[in-house]
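Report on one structure; see the data block that follows.
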Amino acid sequence: MAAEKNKYTILISKEEISRRVTVLSEQISSEYAGKEILLICTLKGAVIFASDLARSIKVPCELGFVKAKSYSGDQTTGRVDISFEDVPDIKGRHIIIAEDIIDTGLTLKKLSEYFLAKEPASMKICALLDKPSRRKVDIKADYVGFKIEDHFVVGYGLDHNEKYRNLPFIAKLEL
Ligand code: 5GP
């Protein structure tokens with residue numbers, strides 16, 4: 001197994017992430033009061049974000065999982081491979097897609113088209129990070145943790161060749 005040898009600098013601390021996740025979950029809990037949410041986590045990158053978010057949301061919250069892959073190393077392939085790992089019935093449900101980062105927007109465009117075709121009662125997107133300068137398609141998140149510049153970032157679920165996902169902060173990787 002290769003060692004984690006790239007240098008990195010912390011961009012968003014563990015404390016900042018925690019504070020922001022609390023704010024997002026409070027906003028979601030108040031907007032969905034009296035409703036049930038189906039929170040769909042995009043694997044693998046959003047797994048830590050979705051876990052923290054789900055645990056601080058105060059309304060009933062079921063979890064679903066999709067696996068989406070568009071990056072190889074630090075480069076987007078421009079192709080999005082999606083497998084629907086464990087998604088319950090969508091029809092009539094209030095779904096929120098939890099995504100780690102929006103880059104070109106291709107992944108979320110493909111996911112949102114797929115889910116909208118299944119007739120949810122409502123669909124929103126909650127992204128931890130957003131790199132608006134990289135967008136190739138018109139897609140916007142309803143809830144955004146942090147807007148960032150065009151850096152390749154790792155940590156808090158985000159990887160580089162499967163490394164760094166367990167860092168508790170978001171870091172800019174030197175490639
Ligand atoms: P999009 O389809 O919006 O171009 O890409 C979204 C996916 O690309 C994310 O879910 C993530 O897996 C990957 N990605 C985009 N930017 C970064 C980044 O800076 N760091 C990491 N680790 N993954 C990224």
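Just checking, which of 87, 80, 59 is surrounded by fewer than 22 Cβ atoms within 10 Å (Cβ to Cβ), modelled with pLDDT under 95 and touching a helix residue (DSSP H, G or I) at 6+ places or on another chain (Cβ under 6 Å)?
Going through 87, 80, 59 in turn, the sole match is 80.
Residues considered: 48, 139. Of these, the only one that is within 16 Å of the ligand (Cβ to nearest atom), within 25 Å of residue 167 (Cα to Cα) and touching a residue at least 24 places away in the same chain (Cβ under 8 Å) is 48. Applying a threshold of 6 Å to beta carbon distances and a minimum spacing of six or more residues, or different chains, the list of pairs starting in the range 153-175 at a residue that is part of a loop (DSSP other than H, G, I, E, B) and ending at one that is of a type in the set (Ser, Thr, Tyr) and surrounded by fewer than 17 Cβ atoms within 10 Å (Cβ to Cβ) reads 169/13.
Whether a residue is small (Gly, Ala, Ser) and without any contact (Cβ under 8 Å) to a residue 60 or more places away in the chain was assessed, and residue 70 passes this test.
Within the range 107-132, the residues that satisfy the criterion of being in a strand (DSSP E or B) and under 13 Å from the mean Cα position of the chain (by Cα) are 124, 125, 126, 127, 128, 129, 130. Could you list all residues from the range 67-97 that are of a type in the set (Lys, Arg) and closer than 30 Å to residue 35 by Cα? Answer for the range 67-97, where residues must be of a type in the set (Lys, Arg) and closer than 30 Å to residue 35 by Cα: 67, 91, 93. Evaluation of residue 170 against the conditions (1) within 12 Å of the ligand (Cβ to nearest atom); (2) at pLDDT below 95 shows that the sole unmet condition is (2).
The set of residues in the range 56-95 that are part of a strand (DSSP E or B) and either farther than 26 Å from residue 164 by Cβ or among the polar types (S, T, N, Q) (or both) comprises 61, 62, 70, 72, 75, 76, 77, 83, 84, 94, 95. For the range 98-119, filtered to residues that are touching a residue at least 40 places away in the same chain (Cβ under 8 Å) and within 23 Å of residue 35 (Cα to Cα), the residue that is farthest from the ligand (Cβ to nearest atom) is 115.
The values are calculated or read from the model by the stated rules, or taken from the named source; none is laboratory data. Remember, it's a predicted structure, so these values are computed and weren't measured experimentally. Glycine also receives a Cβ, built like all others from the backbone with ideal geometry; neighbour counts cover every protein chain displayed.
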